[in-house]
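Just so it is clear, none of the values below were taken in a lab; they were calculated from the coordinates. Remember, it's a predicted structure, so these values are computed and weren't measured experimentally. When we count neighbours, we look across all protein chains shown, and the Cβ atoms used for this are built from the backbone with ideal geometry, even at glycine.
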């Protein structure tokens, strides 16, 4: 089918999808586009003038993608990005189709695609990426993805079909990501932390990838920064963290995990020819992507949302909240829908003890509010009555929050979308 016809039909489907309230319109457009022309991605990708940037990882894809887009936009490049989180093949196709003109043609410099961990091996070769950014691998939605070693193996298989002209931007502090970089045939650059002030005293309870991928020996650490991230080395075979290309940046967002996102986005732009100083200046004007430290003002009180969807990410959100002077009230919103992962047993790997000891203002909401309330009880012997109605939970949270304080909400993915609808009165745009 001619490209122009596929484009027009896909756009019409997107409009209908949004009109009837059955999604943001991107995935439906892509699904129809792929049905009409299974090679639609292959046909549109060559029209991206300067190249495709793919960003993959368990945590941080949306924030890092948004940061890269911001820096490139500020550098006067025309960029598209699958910002609604449509990170499967149909989302990639939909993003491309919805950005074509009335002739079915693209007129853009860069396309930035955050890519689902499971979709990565199938889709990556269709995108012919200029840069692939690998952020991290954590245990997440085991019912969908399996263990991190399994994901890493699939990624390495997918990368075998990628051009050796592609540059890999890797998180050196994650041993598993470093191993993927070691086996890649093209150019690899690494980011990571060196700042001793960001270290934690020991590996947390919920960690992955702490064994040497070369010999199987337990890894040692000179510094630990986040979960299993750090300056790691093996005492047996002497494998160690790769040399860092970039290790310091001023992040516009709080939290160690956002320093990693900032490093990844800055290094990506440096690979594209933007200077380190220029990338640093431009990143400081970045504002958060939806649900990722996004801030709202309601009745003269502040609300901040920290998306927290797996043990490692949740622990870092808690770590960040605990450093804030305006913290006293917190809401945990736990859902178990398809996009969240239907198995919520992972909440038992989250370290709630300190947060429970620091405040009595804890509320539990979401589809699995009972499960979260039980988890909090075991963390600090506090009986919390679950509030299944999100509106009522937010109202109660605001009631408990004084004007000089901030209400912190830590939701899983679909809970975050529902909370944003309540706070904004609209869907993600």
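Worth a mention:
- D_trans [Stokes-Einstein, Kirkwood Rh over alpha-carbon pairs] for region 68-179, 37 °C, 0.692 mPa s, µm² s⁻¹: 214
- Listed peptides 332-342, 26-36 by packing density, highest first (mean Cβ within 10 Å): 26-36, 332-342
- Summarising the label geometry, the points placed 7 Å from Cα in the beta-carbon direction at residue 183 and residue 15 lie 4.8 nm from one another.
- Separation of the residue 424 and residue 383 label points, Cα + 7 Å toward Cβ, nm: 4.0
- Share of Cα-Cα pairs in region 292-424 lying beyond 25 Å, as whole percent: 14
- Of all beta bridges that DSSP places with both ends in region 3-283, some 25 percent have antiparallel geometry.
- Least to most buried among 1, 67, 156, 372 (fewest other Cβ within 10 Å first): 1, 156, 372, 67
- Each of residue 222 and residue 42 was given a label point 7 Å from its Cα along the Cα-to-Cβ line. The distance between the two points is 4.7 nm.
- Kirkwood Rh (inverse of mean 1/r, distinct Cα pairs), region 1-112, angstrom: 14.2
- Peptides 247-255, 300-308 ranked from most to least packed by the mean count of surrounding Cβ atoms within 10 Å: 300-308, 247-255.
- Per residue, the average separation of C-alpha pairs within less than 8 Å and at least 6 apart gives region 3-283 a relative contact order of 17 percent.
- Highest to lowest packing among 384-397, 163-176, scored as the average C-beta count within 10 Å: 163-176, 384-397
- Quotient of C-alpha Rg and 2.2 N^0.38 Å, computed over the chain: 0.98
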